[in-house]
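Pasting a structure here, questions to come.
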Amino acid sequence: MSISHEVILQPAGGRFRCEEGQTVLEAALAAGYLLPHSCRAGTCGLCALPLVAGSLEAVSPPPAEAFVPPAGSCLTCQSRPRSDLTLDAPQMGAEPGQRTVTAGARVVAVERPSADVAVLALQVPPAAGFRFQAGQYIDILLRDGARRSYSMANAPDDEGLIELHVRHIPGGRFSEHAYTRLKPRDLLRVEGPFGSFGLRPGDAPIILLASGTGYAPIASMLKTHGDEIRRRGATLYWGGRRLQDLYAVSSAEAWEAAHPGIRFVPVLSEPDNGWQGRTGLVHQAVLDDHPRLDVHEVYACGNPLMIDAARQSFCRDRGLPEHRFFSDAFLPR
């Protein structure tokens with residue numbers, strides 16, 4: 001007989017059961033409680049919540065670059081209950097909302113807009129009940145149990161359509177297949193949605209910061225919340241080594257042309273001869289343009305090293321409040 005423990009979310013009083021072998025985050029998502037999280041690998045720290053009561057055990061072994069939560073906190077993606085738990089989660093309501101779904105997805109189209117990016121259009125059966133919010137991601141489930149995470153790049157709809165941007169990593173468990181062999185009508189198995197990266201309500205001007213395929217969730221946010229982002233004022237900084245790395249640059253330029261109030265700044269670190277735009281590291285371009293960021297919100301997605309550098313320099317040197325830096329890190333694999 002399996003053992004389960006109850007988890008209570010204060011102050012609203014939401015509650016769910018965590019079965020033996022489940023992490024707190026896995027059980028919460030399965031029950032429809034979208035706790036804050038991003039990497040689900042124990043490295044970003046976004047899922048840490050204060051532990052009010054109960055005892056935990058850590059998933060073993062811990063990741064090589066594990067985030068060390070503050071004393072008295074629960075890193076929900078890496079913790080399993082040893083007793084009933086009470087967590088401080090003021091952002092959560094009493095009733096569950098969005099649930100994760102595991103379903104088959106048929107490949108509708110595959111485009112390869114650059115030398116190392118594949119754009120996949122997938123169809124999840126509408127009856128599966130898959131729904132996502134702009135900024136979230138899904139996992140592609142591989143046959144051996146491994147999984148690979150990709151953000152949706154389209155606006156949510158009721159038809160189960162999903163657009164993914166997949167960077168080709170030579171030898172990558174899924175990206176190699178996606179770039180070289182995947183074709184329309186192929187079937188994939190997906191699970192999601194996951195993640196709490198998404199536009200927060202408010203009036204603060206916005207910095208959108210992306211590297212590589214980190215543009216995907218930014219694109220979803222623009223397609224979904226374009227009018228709101230334009231109202232608040234936003235600048236999209238998108239970085240790559242060369243211009244071809246910005247595989248959807250025409251779409252970003254179209255957003256700038258069609259939406260006054262949204263500015264696009266492409267940044268290249270290794271530009272070809274003739275490039276007349278900004279050069280260097282993409283987060284440095286933000287620093288160069290903004291002596292202060294204390295009234296802004298920043299949404300950063302892409303390489304973890306870029307995100308870490310941006311978080312530290314924006315908060316330390318430009319006055320950005322820590323709670324206004326929202327991120328989603330991509331681990332290439």
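The values are calculated or read from the model by the stated rules, or taken from the named source; none is laboratory data. None of these values were measured; they are calculated from a predicted model. When we count neighbours, we look across all protein chains shown, and the Cβ atoms used for this are built from the backbone with ideal geometry, even at glycine.
Would you please name the residue that is farthest from Val101 (Cα to Cα), looking only at residues in the stretch 57-81 that are of a type in the set (A, V, I, L, M, F, W, C) and crowded, with 18+ Cβ neighbours inside 10 Å?
Initial filter on the stretch 57-81 (of a type in the set (A, V, I, L, M, F, W, C)): 58-59, 64, 66-68, 71, 74-75, 77.
Cutting the leftovers down to crowded, with 18+ Cβ neighbours inside 10 Å gives us 67, 74-75, 77.
Working: Phe67: 28, Cys74: 25, Leu75: 23, Cys77: 18 Å.
This residue is Phe67.
Counting residues that are at pLDDT below 95 and within 15 Å of Ala89 (Cβ to Cβ), which strands (runs of 3 or more DSSP E) fully inside the stretch 8-78 reach at least 3? Lay out the reasoning, then the answer.
On the way: elements: 14-19, 48-53, 56-58, 73-75.
Passing ranges, in order: 14-19, 48-53, 73-75.
Run down Arg40, Arg15 and say which single residue is among the charged types (D, E, K, R) and within 18 Å of the chain's Cα centre (by Cα).
On the way: Arg15 fails: within 18 Å of the chain's Cα centre (by Cα).
Criteria check complete, one pass: Arg40.
Related question: Quick check on my filter: what residues within the stretch 153-203 are among the basic types (Lys, Arg) and touching a residue at least 12 places away in the same chain (Cβ under 8 Å)?
Initially, the stretch 153-203 is screened for residues among the basic types (Lys, Arg), giving 167, 173, 181, 183, 185, 189, 200.
If the condition is that a residue be among the basic types (Lys, Arg) and touching a residue at least 12 places away in the same chain (Cβ under 8 Å), then Arg167, Arg173, Lys183, Arg185, Arg189, Arg200 are the ones that fit.
Residues are listed down the side, and each one gets a yes or a no for (1) over 19 Å from Phe326 (Cβ atoms); (2) in contact with a Pro (Cβ under 6 Å, 6 or more places away or on another chain); (3) among the acidic types (Asp, Glu); (4) in the same structural domain as Leu305 (by TED's automatic domain parsing):
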residue	(1), (2), (3), (4)
Gln10	yes, no, no, no
Glu20	yes, no, yes, no
Leu25	no, no, no, no
Leu35	no, no, no, no
Glu57	yes, no, yes, no
Arg80	yes, no, no, no
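If the Cβ limit is 8 Å and pairs must be 6+ apart or interchain, which residue in the stretch 302-324 that is part of a loop (DSSP other than H, G, I, E, B) pairs with which residue that is among the polar types (S, T, N, Q)?
Going by the 8 Å Cβ cut-off, the qualifying pairs are Asn303/Ser211.
Restricting to the stretch 104-138, and then to whatever is in a strand (DSSP E or B), at pLDDT below 95 and under 13 Å from Ile162 (Cβ atoms), can you tell me which residue is farthest from the chain's Cα centre (by Cα)?
That would be Ile138.
Continuing with this model, one more query. What number of residues within the stretch 239-260 are more than 19 Å from Asp116 (Cα to Cα), of a type in the set (Gly, Ala, Ser) and assigned to a loop (DSSP other than H, G, I, E, B)?
Adding up the residues that qualify gives 0.
Table: residues versus (1) over 20 Å from the mean Cα position of the chain (by Cα); (2) under 13 Å from Leu199 (Cβ atoms); (3) in a helix (DSSP H, G or I).
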site	(1), (2), (3)
Thr213	no, no, yes
Gly226	no, yes, yes
Ile229	no, yes, yes
Tyr237	no, no, no
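Can you pull out the residues in the stretch 97-114 that are closer than 18 Å to Pro193 by Cα and surrounded by fewer than 17 Cβ atoms within 10 Å (Cβ to Cβ)?
Gly97, Gln98, Arg99, Thr102, Gly104, Arg106
Only one of Gly261, Gly302, Gly277 is touching a helix residue (DSSP H, G or I) at 6+ places or on another chain (Cβ under 6 Å), over 30 Å from Ala41 (Cα atoms) and either surrounded by fewer than 13 Cβ atoms within 10 Å (Cβ to Cβ) or modelled with pLDDT under 95 (or both). Can you tell me which? It would help to see each step written out before you state the result.
Working: Gly302 fails: over 30 Å from Ala41 (Cα atoms); Gly277 fails: touching a helix residue (DSSP H, G or I) at 6+ places or on another chain (Cβ under 6 Å).
When all the criteria are applied, what remains is Gly261.
Only one of Glu19, Glu6 is on the phi < 0 side of the Ramachandran plot, touching a residue at least 24 places away in the same chain (Cβ under 8 Å), acidic (Asp, Glu) and surrounded by fewer than 22 Cβ atoms within 10 Å (Cβ to Cβ); which?
On the way: Glu19 fails: touching a residue at least 24 places away in the same chain (Cβ under 8 Å).
When all the criteria are applied, what remains is Glu6.
Just wondering, is there one or more residues in the stretch 274-296 that are more than 27 Å from Val166 (Cβ to Cβ) and within 21 Å of the chain's Cα centre (by Cα)?
There is at least one residue in the stretch 274-296 that is more than 27 Å from Val166 (Cβ to Cβ) and within 21 Å of the chain's Cα centre (by Cα).
Among the listed residues Arg200, Arg263, which satisfies the condition of being touching an Asp or Glu at 6+ places or on another chain (Cβ under 8 Å), more than 22 Å from Ala118 (Cβ to Cβ) and assigned to a loop (DSSP other than H, G, I, E, B)?
Answer to the check: Arg200.
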